[in-house]
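One structure below.
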Amino acid sequence: MREKRLILLGFLVSYAALGAGALFGMLQVLERVPGVKLVSSETYYTALTAHGVLMALVFTTFFIMSLATYVVLRELGMRQTFSPGMSTLAYALVTLGTLMAALPILTGRASVLYTFYPPMKASPLFYIGATVLVVGTWVFGANLLLTVRQWRRSGNSGVKLPLGVFGVVSTLIIWYIATIGVAAEMLLQLIPWSLGLVDRVDPLLARNLFWYFGHPLVYFWLLPAYIVWYTVLPRMLGVRVFSDFLARVVFVLFILFSTPVGYHHQFMDPGISTEWKFLHTITTFAVFLPSMITAFTVTATMEMGARLRGGRGLLGWIRALPWGDPAFSAIALAMVFFAFGGAGGAVNAGNNLNYVVHNTAWVPGHLHLTVGSAVALTFMGVSYLLLPALTGRRLHSRRMAQVQVALWGAGMLLFSGAMHILGVLGSPRRTYDVTFGGHPATQGWTPLLVAAAAGGVLLLLSVLLFLYNVGRTLRGAPAGEEQEAQEQVRQPSPAGAPGLVDNLGLFTAIALLLVLVAYTLPTLDILSLGSPGAPPVPMD
Amino acid sequence: MNRYERAWLIFAVLMVAAFLGIIAYFNFAAGLKPPHDVEVIDPLRVSQDPRFSQPRVEEVEPGKRYNIYMVARMWSYYPREIQVPRGAEVRFYITSPDVQHGFQVVGTNVQANVIPGYVTVIDARFEKPGEYLIVCNEYCGRGHHFMRAKLRVTEGY
C-alpha cells in the first residue's frame, strides 16, 4: 500500500488530538466540582473550546480519513488511491486548517466553543481555519470517490461494492450534503462579518445553517464506527455479517435521514414554527430505525460467532465471545454504550420532552455515550488491529489494552451517568461554576459533580494508557502479526449483482429532495421575518 | 429476511410510531409546544421598546395572568427577581441586546433560547410555591456562570 505512511500519520495526529482533548476534558470536570478552582473562567472556556474542537473535529476527522482510505484500499484490493498527490493535499489542508484554528483557540482569541454561535465573535483566523479543514475533507472525499470509480472501470462494473466501501461512500455522501450548511454559514455569514466587511449577521439563520451541518456531522463520526461493526467485527469472529442486505439498508437510511433533522437541536429557539419543528421530530425518529436494525444485526452476528466457538444456551453464548481480545471488548463495549445513547437520544428528539434536558448536563452526558464511546472506543479498539497491520509490529501489550478498555467503561459509566442525572435535575452544561451563589436548587448536584469528575480522571487514565501502548507498539519489535491483522480488516468480496439498495445515486437524489422539503420553507420563513441581525461581540 | 429480524423490525417501527403518536398528541392536542413565536426586534434598540426599556412583571389580571418582560444580557437578567402567584398564567417575553443566552427555570420544564434579534415567548404556570432558580444555560462569555435570577411563586394572590 503506497499510502501507508500517510494513513499512519493521520492516525497518529488523531491520537495526539485525543490526548490533548482528554487533558482539557479532565480540567473541566475537576473545575466544576464545587469548591475546586484551578483556573480562571477565561481559561475554562478556552479549554472547553479546545476540548470540543480537538475531540469532535480533529480526532474524528483525521481518524476517519485514515480509516476510510484504509478500508477502501483493502477491500478493493488496490495498491493506492486514485491520486496519492490528492491524498497528500487533503491531509495537508486539514492539518493547515487545524493549525490556523488552533492558534486563536489556544491564545484565548476564539473562546466561542465548537458551536461558535454568533454574535460572539472569534478571531477571523478561527473561521478561516475551520473552512480550510472542511475544504481538505472535500479533497479527501473526491479522491476516494475517484478511487472507487477507477475500481469500477477496471472490470468491476457489474459487481456490488464491498460492504465496507459501500459504508465509506455513504459516509462521504452524507458529509458532502452536510457541509453545504457550514460552508454557507462560514462564507456568507461569519468570515465576512468577522473581517468587518458586513456589520451584522442573523444569529438564528446561523444556528439554522450550523445545525443543518451539526447533526449529520454526528453520522460522519458514527458511520465509520458502523463500518467497523459491520466488517471488522464479523471477521474477528470468523463469520459473515448476519445480513449484508440490511447492513446496506442501514447506510441508505442514514443517507436519507441524517440531514433533514437539525431542528431537534433548535426546539427551544424562537422564530421557527411548531409545524417545522414537528416535521424534524418525525425525521429524527426515522434515524432511530437504522440503529435499531444495527442493534439486531451486530447482536445476531456476535451470536453466530459465539456459537461457532462453542457457545451454548439462550444467553450463555455471550461468555464464548473473545472477551480476552481488547479490540473485540472495546467494540462490544462501544455497542453497549451506544444502546443507552440511543435511548437517551429519543428523549432529546422528542419535540416536547426536549425542554427538560435541552442545554443541561444531560446533553454532554449523551454525546459522550455516542461520539465519546460508540465512536471513540470503536476507534481505539480497531487501532489495536490497524496499528499492527500498518506497521507489521506486535501490539505492545494486550493486557494494558484490556485495562484501557475497562477504565474507559468505568470512567464513562460514572461520567455519563452522573451527567444525565445532573441534566434532569436542571444543571446547565458548559458552565464554569454551577453553584449559583449556593442556591438550594443546586445542593443535590454536588455528589454527582464529584462522580463526573472521578469518571473524567479514569477516562484520562484510559487515554494515557492507550497512547503509551500505541507509542511502545510503534517502536516495538516487528512480528508476523501483520498478515493476520490484515485478514481481520478485510471483508471477502461479495457475490452477486447490485440490487436496488446499491443505487446510491438514486438515494442521494431522494436525500437532497428531503433536505429541500425540510429546510427550504423554514429558512425562507426566517429570512422573511427580516430580523436586522446582530453586530459582533468580540471574544478575543 | 430472517423471521426474528422481521419481528424486530416491526417492533422498531411500531415503537417509533408510538413515540411519535405520543409526541404529536401532547404537541397538538394538549398544547405542550416548544417556543414558536416569530417576533423580531433590533438588538441595538431593545432599550427603546416600551416592554424592555423597563423590564418588569405586569399584572394583566390580578392573581390570574401576568406578563413578564425580561432582558437577558451579559451577565444578568432584568428583572433579577420575579414574583407571581401559584397557578397563574405567566407569559415571559425575553430578548437579548448582545449575545445568545439561555433561560431555564431549574426544576421545571420552563426553558428557551434567547437569540438577539428575536423575542422569545414562553407560557408557563407554576403550581408549587417556593423560590426557583433561573439560570442561563447557553454559554455567553466569561461571566456566563454569574447569570441568574430568582422566581418566587407565592402561595396565593
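Rule-based calculations on the coordinates, nothing more; no lab input. Note that the structure is a prediction, hence the values are computed from the model and not measured. Don't worry about glycine lacking a Cβ; one is built from the backbone with ideal geometry, like all the others, and counts go over all protein chains shown.
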query = If you find the alpha carbon centre of the range A:523-537 and of the range A:114-128, how far apart are they in angstrom?
reply = 18
ask   = Among the trypsin sites (Lys or Arg not before Pro) within the range A:376-472, which fall in a DSSP loop and have no more than 13 other Cβ atoms within 10 Å of their own Cβ?
value = none
request  = Compare the Cα positions of B:Pro50, B:Val114, B:Cys140 along the charge dipole of the range B:43-154 (+1 at Cβ of Lys, Arg; -1 at Cβ of Asp, Glu; about the Cα centre) and return the one farthest towards the positive end.
outcome  = B:Cys140
query = With +1 on each Lys and Arg Cβ and -1 on each Asp and Glu Cβ, how big is the dipole of the range A:227-358 about its Cα centre, in debye rounded to the nearest 20?
reply = 560
remark   = chain B: longest segment with zero exposed GluC sites (Glu not before Pro), where exposed means DSSP loop plus at most 12 other C-beta atoms within 10 Å, is residues B:1-126
query = Which distance in nm do the two modelled labels at A:Trp138 and B:Asp49 give, with both placed 7 Å along the Cα-to-Cβ direction?
reply = 3.7
query = If you build a Gaussian network model of chain B, linking Cα atoms that sit under 10 Å apart, which residue out of B:Gln100, B:Gln48, B:Gln83 swings the most?
reply = B:Gln48
message = If you take every DSSP beta bridge fully contained in the protein assembly as shown, what fraction is antiparallel? Give it as a percent rounded to 5.
response = 65
key: Tail beyond 20 Å, pair distance distribution of the range A:322-479 (Cα, percent)   = 54
note = Filtering trypsin sites (Lys or Arg not before Pro) in the range A:1-72 by DSSP loop and by at most 13 other Cβ atoms within 10 Å leaves A:Arg2, A:Lys37
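Taking the Cα centre of the protein assembly as shown as the origin, how large is its charge dipole in debye, to the nearest 20, when only Lys and Arg (+1) and Asp and Glu (-1) carry charge on their Cβ atoms?
Its charge dipole is roughly 1860 debye.
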task = Just grab the label-to-label distance for A:Gln80 and B:Tyr4, each label 7 Å out from Cα along the Cβ direction, in nm (one decimal).
result = 4.7
task = Per DSSP H run of n ≥ 4, the term is -39500 (n - 2.57); total these for chain A, divide by its residue number, and report the mean residue ellipticity at 222 nm rounded to 500 deg cm²/dmol.
result = -22500 deg cm²/dmol
ask   = Of A:Val356, A:Ser373, A:Leu414, whose Cα points farthest to the positive end of the dipole of the range A:323-447 (charges on the beta-carbon: +1 Lys, Arg; -1 Asp, Glu; origin at the Cα centre)?
value = A:Ser373
Paramagnetic reach from B:Val60 in the range B:73-113 [backbone N under 19 Å; point 7 Å along Cα→Cβ] = B:79, B:82-95, B:110-112
ask   = How big is the charge dipole of chain B about its Cα centre, in debye rounded to the nearest 20, if each Lys and Arg gets +1 on its Cβ and each Asp and Glu gets -1 on its Cβ?
value = 320
task = Go ahead and run the numbers for FRET between A:Arg319 and A:Tyr468, Cβ-Cβ distance against an R0 of 35 Å, rounding to 0.05.
result = 0.70
query = Got a sec? How would A:Phe337, A:Phe126, A:Phe24 order by Cβ neighbour count within 10 Å, fewest to most?
reply = A:Phe24, A:Phe337, A:Phe126
Entries of A:Lys37/A:Lys277; A:Lys121/B:Lys128; B:Lys33/B:Lys64 with Cα pairs more than 29 Å apart = A:Lys37/A:Lys277; A:Lys121/B:Lys128
query = With each pseudo-label sitting 7 Å past Cα toward Cβ, what's the A:Ala183-A:Leu512 distance in nm, one decimal?
reply = 1.2
ask   = Over the alpha carbons of the range B:43-154, what is the largest minus smallest coordinate on each principal axis, giving the biggest first in Å?
value = 35, 29, 18
message = In Å, what Kirkwood hydrodynamic radius results for the range B:50-89 from the alpha-carbon pair distances?
response = 10.8
inquiry  = Tell me which trypsin sites (Lys or Arg not before Pro) from the range B:10-65 have a DSSP coil assignment and no more than 14 other beta carbons within 10 Å of their own.
reply    = B:Lys64
message = Students often forget the sequence filter, so: which aspartates and glutamates lie under 14 Å Cα-Cα from A:Lys160 once same-chain residues fewer than 8 apart are removed?
response = A:Glu75, A:Asp244, A:Asp502
message = Multiplying the sequence separation of A:Leu96 and A:Arg475 by 0.36 nm and subtracting their Cα-Cα distance, what value in nm do you get?
response = 133.7 nm
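Working from the alpha-carbon coordinates of the range A:36-161, get Rg over Rh, Rh being the Kirkwood radius.
The Rg/Rh ratio comes out at 1.14.
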message = I'd like to know how the protein assembly as shown sits against the 2.2 N^0.38 Å rule of thumb: what's its Cα Rg over that expected value?
response = 0.96
request  = Compute the relative contact order of chain A as a whole-number percentage, counting only Cα pairs closer than 8 Å that sit 6 or more residues apart in sequence.
outcome  = 21
note = So for R0 = 45 Å, FRET eff. of A:Ala343-B:Asn67 from the Cβ-Cβ r, to 0.05, ends up at 0.70
ask   = Roughly how compact is the range A:39-100, stated as its Cα Rg over 2.2 N^0.38 Å to two decimals?
value = 1.52
task = Apply the Debye scattering formula to the range A:75-129, with a single equal point scatterer on each alpha-carbon and no solvent, then give log10 I(q)/I(0) at q = 0.18 Å⁻¹.
result = -0.64
message = Given all pairs of different Cα atoms, what value in angstroms does the Kirkwood hydrodynamic radius of the range B:1-85 take?
response = 17.5
note = Rounded to the nearest 5, the percent of antiparallel DSSP beta bridges in chain B equals 70
